Amino acid sequence: MATAGAPRRFCRCACFCSENLYVARYGLHLCFRSEQQLRQDYGPILRSRGCVSTKDFQQLLAELQQEVARRQRLGQESAARKALIASSYHPARPEVYNSLQDAALAPEFLSVAEYSASPGADLQGLLQRLQTVSEEKRIYRVPVFTASFCQALLEELEHFERSDMPKGRPNTMNSYGVLLHELGLDEPLVTPLRERFLQPLMALLYPDCGGGRLDSHRAFVVKYAPGQDRELGCHYDNAELTLNVALGKAFSGGALYFGGLFQAPAALTEPLEVQHVVGQGVLHRGGQLHGARPLGTGERWNLVVWLRASAVRNRLCPMCCREPDLVDDEGFGDGFTREEPTTVDVCALT
């Protein structure tokens, strides 16, 4: 058991290096342990998706082996990038690295957070202050940042993108964007956003999903543009809950779409489309199947915060749906801990 005052050590599940490997051209998430297992488990569906020749399969095999190796190095390489950026990078908008101020937040968001933390706050009162996108899917929308803060953050992100600093992929599906902990924005921006504002809000909206026990996160910005990522295949997040905020710029297309929970049958029947509104955040359960339609024109940048509760995920890894096989990791890892906090029910299939 951790001693009082000692920093918590976060972990990842060992499945990260073998499961949910995304192959965009075949539109599949694969589990990969060996060539024989790959052929046995996925041969028919791979052939139906166009992986037909020996060359096709060998190319896929090489890509999966490279992705496993990349994931195995990820924590160490990310820590090295963060250290180099901290020592050598010169921001264009240094004010975004200051501790999060109320002035950066939309008045509606401040009001929602204040209500959520007030004595006697309840779900019905909160829902009067939010836009309910889907009552059935429990998807909500609320303005989060002011237009001026979105602009300042975008200018900083574009400046970093143009720099010669090393850049990590934001996640296993997106190739373009920024990991906020590597850029040094976790401590001043994302952690206070989670602890001061999102925690009381999520505790009312999603108590069954660990909304009141959020203790870590993974935050990144994704970029969609011509010649880069243009769309995102259907998936679910490695998170109990997710906040997705549109930062800009001018664009058309790229709507989010949502199905059911990933555990449910026919989860993508009649998907719900949700348009982006700059400055506004979409709140949803991490297990909700979703993706992004193809970008039409322009550039789209979104801040995504995966919110995690070790009290939930310590019991069941959301990616392999088994008791997690813990591996020590850097920073917040994937939100698992070795100590045993009071557990809560895993998010129900409702």
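The values are calculated or read from the model by the stated rules, or taken from the named source; none is laboratory data. Just so you know, these numbers come straight off a predicted model, no measurement behind them. Reconstructed Cβ throughout: ideal geometry from the backbone, glycine too, with neighbour counts over all protein chains shown. Side chains included, ligands, DNA and RNA excluded: accessible areas come from the protein's heavy atoms. Shrake-Rupley method; radii C 1.70, N 1.55, O 1.52, S 1.80 Å.
Can you spot a residue in the stretch 294-314 that is over 21 Å from G210 (Cβ atoms), of a type in the set (D, E, K, R) and assigned to a strand (DSSP E or B)?
Yes: the stretch 294-314 contains one or more residues that are over 21 Å from G210 (Cβ atoms), of a type in the set (D, E, K, R) and assigned to a strand (DSSP E or B).
Which numbered condition trips up G177, out of (1) without any contact (Cβ under 8 Å) to a residue 24 or more places away in the chain; (2) more than 24 Å from F197 (Cα to Cα)?
Unmet for G177, out of (1) without any contact (Cβ under 8 Å) to a residue 24 or more places away in the chain; (2) more than 24 Å from F197 (Cα to Cα): (1).
In the list A239, A246, which residue meets the criterion of being under 18 Å from Y176 (Cα atoms) and surrounded by 22 or more Cβ atoms within 10 Å (Cβ to Cβ)?
Residue meeting the stated conditions: A246.
So which residues in the stretch 135-152 are surrounded by fewer than 14 Cβ atoms within 10 Å (Cβ to Cβ) and of a type in the set (S, T, Y)?
Answer for the stretch 135-152, where residues must be surrounded by fewer than 14 Cβ atoms within 10 Å (Cβ to Cβ) and of a type in the set (S, T, Y): just S148.
From A92, A104, A83, grab the single residue that is under 27 Å from the mean Cα position of the chain (by Cα), within 30 Å of Q128 (Cβ to Cβ) and modelled with pLDDT of 95 or more.
That would be A104, the only listed residue that is under 27 Å from the mean Cα position of the chain (by Cα), within 30 Å of Q128 (Cβ to Cβ) and modelled with pLDDT of 95 or more.
Restricting attention to the stretch 96-134, report how many residues are of a type in the set (F, W, Y) and either in contact with a strand residue (DSSP E or B) (Cβ under 7 Å, 6 or more places away or on another chain) or open to solvent by 80 Å² or more (accessible area, probe 1.4 Å) (or both).
Matching residues across the stretch 96-134 total 1.
Looking at the stretch 223-237 only, could you name the residues that are farther than 26 Å from L105 by Cα and either polar (S, T, N, Q) or part of a strand (DSSP E or B) (or both)?
Residues satisfying the conditions are Q228, L232, G233, C234, H235.
For a quick check of your reading of the model, give me the residue pairs whose first member lies in the stretch 239-264 and is basic (K, R), whose second is open to solvent by 10 Å² or more (accessible area, probe 1.4 Å), with beta-carbon atoms closer than 6 Å and at least 6 apart or on different chains.
From the stretch 239-264, the pairs are K249/E299.
Got at least one residue in the stretch 165-174 being open to solvent by 40 Å² or more (accessible area, probe 1.4 Å), more than 22 Å from the chain's Cα centre (by Cα) and free of Cβ contacts under 8 Å to residues at least 40 places away in the same chain?
Among the residues of the stretch 165-174, not one is open to solvent by 40 Å² or more (accessible area, probe 1.4 Å), more than 22 Å from the chain's Cα centre (by Cα) and free of Cβ contacts under 8 Å to residues at least 40 places away in the same chain, which makes the answer no.
Please return the ranges of strands (runs of 3 or more DSSP E) entirely within the stretch 1-77 where 3 or more residues are touching a His at 6+ places or on another chain (Cβ under 9 Å), open to solvent by less than 60 Å² (accessible area, probe 1.4 Å) and modelled with pLDDT under 95.
Per the criteria, 21-23.
Which is touching a helix residue (DSSP H, G or I) at 6+ places or on another chain (Cβ under 7 Å), farther than 26 Å from E161 by Cα and open to solvent by 10 Å² or more (accessible area, probe 1.4 Å), of G260, G212, G233?
Matching residue, one of G260, G212, G233: G212.
Of all residues in the stretch 323-345, how many are at pLDDT below 95, in a loop (DSSP other than H, G, I, E, B) and surrounded by fewer than 17 Cβ atoms within 10 Å (Cβ to Cβ)?
9
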